[in-house]
Amino acid sequence: MNKHNEDEIVVLEVFDDSLTAGFAQNKLKEEGIESSLVDENIAGLNPLGGIKLKIFSKDVARAKKILSN
């Protein structure tokens, strides 16, 4: 992710599997929204933990709209 000192990073969604998380991340990337997946390896060991998709707070509304389609 690029430096965005003025923008907070937030968890947009938590996924149970890396395939679904990766699909969502790719969808956002196609629309120009930067994101990162956190706890990807931990979720594989402990599915209760979940994989967090994080984005900049300024992109939340747009990202939710993209992922809802």
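Tabulated values for the structure
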{"read-out": "Tabulated pairs, segment 48-69, first on the phi > 0 side of the Ramachandran plot, second of a type in the set (A, V, I, L, M, F, W, C), C-beta under 8 angstrom, 6+ apart or interchain", "value": "50/14; 50/15; 50/43"}
{"read-out": "Extreme residue, modelled with the lowest pLDDT, among residues of segment 13-43 that are open to solvent by 70 Å² or more (accessible area, probe 1.4 Å) and part of a helix (DSSP H, G or I)", "value": "42"}
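The values are calculated or read from the model by the stated rules, or taken from the named source; none is laboratory data. Only a predicted model underlies this, so the values are computations on that prediction, with no experimental measurement involved. Heads up, the Cβs are rebuilt from the backbone with ideal geometry, glycines too, and the neighbour counts pull from every protein chain shown. Surface areas here come from the heavy atoms of the whole protein model, side chains and all, with no ligands, DNA or RNA. Shrake-Rupley method; radii C 1.70, N 1.55, O 1.52, S 1.80 Å.
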